[in-house]
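Below: one structure, written as structure tokens.
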Amino acid sequence: MSSTLPVTSHEGLLGNVASGYGLASRRWRRLFAVVLPVAATMLVVSTLADLALGSGRLVIVDGIPEALSGDGLAGVKAVTAVVFWLVGLVGGVWAVARDAGPRESLWQGVKSLPAYGIGLIAVGGGAFLALWAAAGLARGGAGLVLIVAVLVAVVLGAARVLLIGIDQLVGSGTAPTWGEALSFVLGGVAVPMLVAYGWERLGAPGSETVLLIVALVAQIGLAARPHSRGAGTSGAKDAAAARARRPRLWPAITVFAVAVALAAGVLLTNPYDAPVVRTNSAGSSGARAVAWPAGRHPVIVTTSEVWFCDDDLCQNSTDVSGGPPTVEGYGSATIGADGTVVKTALTGGPDKGGPFVHYARCVREGCQEAWIPVRASGRERLDVEGRTEVAGAPAPDGALWLFVATPITGGQHGRYRFSMIRCADVACAAPQRHQVGVLDRTPEDGYPDGRRARLTIGTDGRPDGSFWIGHSVYRYSCEPVTCAAPKQSAVDSGPSDAAWTVAGDRTVFVRGGELFDGHTSTPVGGSGNSKLAAAAVAGPDVYVAAAVPTEAAGSGFRITYGEPVQHWRQTVWRCRNQECASTPLDSYDNQEREQLLAVSADGRVLVVRDDHIVLLEKSVA
């Protein structure tokens, strides 16, 4: 028979952890005969809970169904995880310490649930009161130290209470030490969390199930270690008897495989019709423009580089640099229909023959840059009180267009002269300059300088410049190539904090949680911070990206010190004929982030933030 006599360890913290891991590795067959059915049952229950939530209450992020905030069934998954963790832990220790079979061990775990449940509730209540009291006394750095100390004491106390319960169940009668509790926390909690984190960072699915399995294996070994020392050393006869009692592992493996297949099948078939989202945690710090050319992968312009993505999520890309930096308020970039990027900025002053337009044309092979004077000759006088604005764009015939707003004297506050400059190639040896309009400047309107001008080129090659001034956006266009028959139009823009975009003859604004398209407005939601929102026009539809305040994603116990943490749910709206449908994407914490938005020809959506690149695989309803 195996020994269950208590053994006092003097191996030290790391020695206890190593000893527990060694026990788990030696008893792996008996251990996995218990752990795998527990993990399989938890996986099935979690899958059924997702199905119960149904359509409109789930989003699949990186292969993991995520319940939206406010759903009561979302807490079922957390409770389920705790219940099966307790059954697996108690049953696993019983199997290792008593050489028991999986059925007997699992039943022992189930029978122990009421007692352990009461104990956990008591410990949880005491922990909440202790942390609440510490948070009430906390002030400054000393208060933070106090909260951390109380939290460590609570975790160690909970671990020791759990080990005492296991000790009484096994029957050794020796209370575990604080050192053993610390070893349990280190080897049974901290290490499995690191393993699950690494698993998730690799992009592999099932991190919750992996965490449960790894945690149970480690915790069972550590909890059973004091009760299993010397087991199997009673001679060859007892060793042979122990081998004869070894459980069959194939039933546990079969049950687990069936559960994994069921969960994967439900996830792939998506019967709850949930949005499917993938994320790239690399993010794009300093992103300034994004587009998704038809039949190609997205293109992202950052302050210093252009990323020509090699896949739709831009996990790999061809990065090129050159030309002016697209720093906020200094340089800008436009991405053409074929993915060609034109970057522009102003440099030099009138005393040196300037200002000059510093521009570059960037493709996968690299960037070509050049400079061209804003003025056709030194006889042209500029108003030094105003600021020249410029934007550039590539044309379908390979030419480059520049839309330039130069300040000139006249009127009460001065004027802008608007010009289109066509360059047949990057060198622009013979620039073709065309004046398309003159407009009185307005008093300070709050809109940031350096961002007023934009330029798009239609599929027919027609240049279309846009300029924000006062509370209006003025549009200037002319014929392709020759820039004959220039036209001017204007649309009210409202406050200067609006997000806006143009496409064809449409000028679209997002401000205060509303979408303004022509003479119509439609509520779209979001935080109301329009400066951080984004809009894109795709055919008859308008897409809007913004963050919505929400509760923390997932279930669990959280501690907040200082200012409450704000939680956000990235959301995309698709609007047509004053009707909008919203789709939730991923969630993030702390400050709301600025976003850029691009839509593919088949309706998939790419949102670029500085922390993540987010791809909505399934079209917005």
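The values are calculated or read from the model by the stated rules, or taken from the named source; none is laboratory data. It should be emphasised that the depicted structure is a prediction, and the values quoted were computed from it without experimental measurement. Every residue, glycine as well, gets a Cβ built from its backbone with ideal geometry; the counts of neighbours run over all protein chains shown. Accessible surface is based on the protein model in full, side chains and every heavy atom, while ligands, DNA and RNA are left aside. Shrake-Rupley method; radii C 1.70, N 1.55, O 1.52, S 1.80 Å.
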If I filter region 482-500 down to residues being at positive phi and in contact (Cβ under 8 Å) with a residue 12 or more places away in the chain, which single residue comes out as surrounded by the fewest Cβ atoms within 10 Å (Cβ to Cβ)? G494
Residue that is under 30 Å from L202 (Cα atoms), out of contact with any Cys (no Cβ under 6 Å at 6 or more places or on another chain) and among the aliphatic types (A, V, I, L, M), where the choices are L313, L346: L313
Based on what the data block shows, is V299 β-branched (V, I, T) and more than 25 Å from R609 (Cβ to Cβ)? no
Single residue of region 271-290 satisfying the filter (within 17 Å of T571 (Cβ to Cβ) and of a type in the set (V, I, T)) that is surrounded by the most Cβ atoms within 10 Å (Cβ to Cβ): V277
Please find, within region 593-611, the residue that is farthest from the chain's Cα centre (by Cα) out of those that are surrounded by fewer than 20 Cβ atoms within 10 Å (Cβ to Cβ) and touching a residue at least 24 places away in the same chain (Cβ under 8 Å). A601
Can you tell me which residue among A282, A264 is at negative phi, within 22 Å of the chain's Cα centre (by Cα) and at pLDDT below 90? A282
I'm trying to understand the selection: among the residues of region 548-580, which are at pLDDT below 90, open to solvent by less than 40 Å² (accessible area, probe 1.4 Å) and outside any loop (DSSP other than H, G, I, E, B)? T550, H567
For G539, are the conditions met, namely being surrounded by fewer than 16 Cβ atoms within 10 Å (Cβ to Cβ), at positive phi and of a type outside the set (A, V, I, L, M)? yes
When you scan region 406-417, do you find a residue that is under 44 Å from the mean Cα position of the chain (by Cα), closer than 19 Å to F356 by Cβ and open to solvent by less than 10 Å² (accessible area, probe 1.4 Å), even just one? yes
Matching residues in region 341-370 - criterion: being closer than 25 Å to D460 by Cβ, touching a Leu at 6+ places or on another chain (Cβ under 9 Å) and not aromatic (F, W, Y): V342, T344, V357, R361
Restricting region 322-363 to residues that are of a type in the set (S, T, Y) and part of a strand (DSSP E or B), which is farthest from R379 (Cα to Cα)? T334
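Is it the case, given these coordinates, that L51 is at pLDDT 85 or above and at negative phi?
no
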Given the criterion among the hydroxyl-bearing types (S, T, Y) and either on the phi > 0 side of the Ramachandran plot or open to solvent by less than 10 Å² (accessible area, probe 1.4 Å) (or both), identify the matching residue among T326, T347, T334. T326
Looking at D425, is it in a loop (DSSP other than H, G, I, E, B) and open to solvent by less than 50 Å² (accessible area, probe 1.4 Å)? no
Please verify whether region 464-480 includes one or more residues that are open to solvent by less than 40 Å² (accessible area, probe 1.4 Å), outside any strand (DSSP E or B), modelled with pLDDT under 85 and touching a strand residue (DSSP E or B) at 6+ places or on another chain (Cβ under 7 Å). no
Does region 538-546 contain any residue that is part of a loop (DSSP other than H, G, I, E, B), out of contact with any strand residue (DSSP E or B) (no Cβ under 8 Å at 6 or more places or on another chain) and modelled with pLDDT under 90? yes
Does at least one position in region 292-310 carry a residue that is modelled with pLDDT under 90, under 21 Å from A534 (Cβ atoms) and open to solvent by less than 10 Å² (accessible area, probe 1.4 Å)? no
Residues being in a strand (DSSP E or B) and over 22 Å from D351 (Cβ atoms): count how many of those fall in region 384-401. 6
Name the pairs whose Cβ atoms lie under 9 Å apart, with the first residue in region 439-450 and more than 11 Å from H413 (Cα to Cα) and in contact (Cβ under 8 Å) with a residue 40 or more places away in the chain, the second in a loop (DSSP other than H, G, I, E, B) and among the hydroxyl-bearing types (S, T, Y), and 6 or more positions between them or separate chains? D445/S496; G446/S496; Y447/S493; Y447/S496; P448/S496; G450/Y330
Just to be sure, is G512 open to solvent by 10 Å² or more (accessible area, probe 1.4 Å), farther than 28 Å from D338 by Cβ and out of contact with any strand residue (DSSP E or B) (no Cβ under 8 Å at 6 or more places or on another chain)? yes
Which condition from (1) over 17 Å from P373 (Cβ atoms); (2) modelled with pLDDT of 90 or more; (3) open to solvent by 30 Å² or more (accessible area, probe 1.4 Å) is the one that V436 breaks? (3)
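Say whether the condition of being open to solvent by less than 30 Å² (accessible area, probe 1.4 Å), within 25 Å of G329 (Cβ to Cβ) and polar (S, T, N, Q) is met by at least one residue in region 388-405.
Yes - at least one qualifying residue is present in region 388-405.
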What is the residue count in region 270-311 for residues that are in contact with a Phe, Trp or Tyr (Cβ under 7 Å, 6 or more places away or on another chain) and within 18 Å of G323 (Cβ to Cβ)? 2
Taking the conditions exactly as written (part of a strand (DSSP E or B) and exposed (fewer than 15 other Cβ atoms within 10 Å of the Cβ)), does D319 satisfy them or not? yes
Six or more apart or on different chains, Cβ atoms under 7 Å: show the pairs whose first residue is in region 10-38 and assigned to a helix (DSSP H, G or I) and whose second is surrounded by fewer than 24 Cβ atoms within 10 Å (Cβ to Cβ) and among the acidic types (D, E). N16/E180; S19/E11
Would you mention how many residues in region 301-319 are under 17 Å from the mean Cα position of the chain (by Cα) and either of a type in the set (V, I, T) or at positive phi (or both)? 1
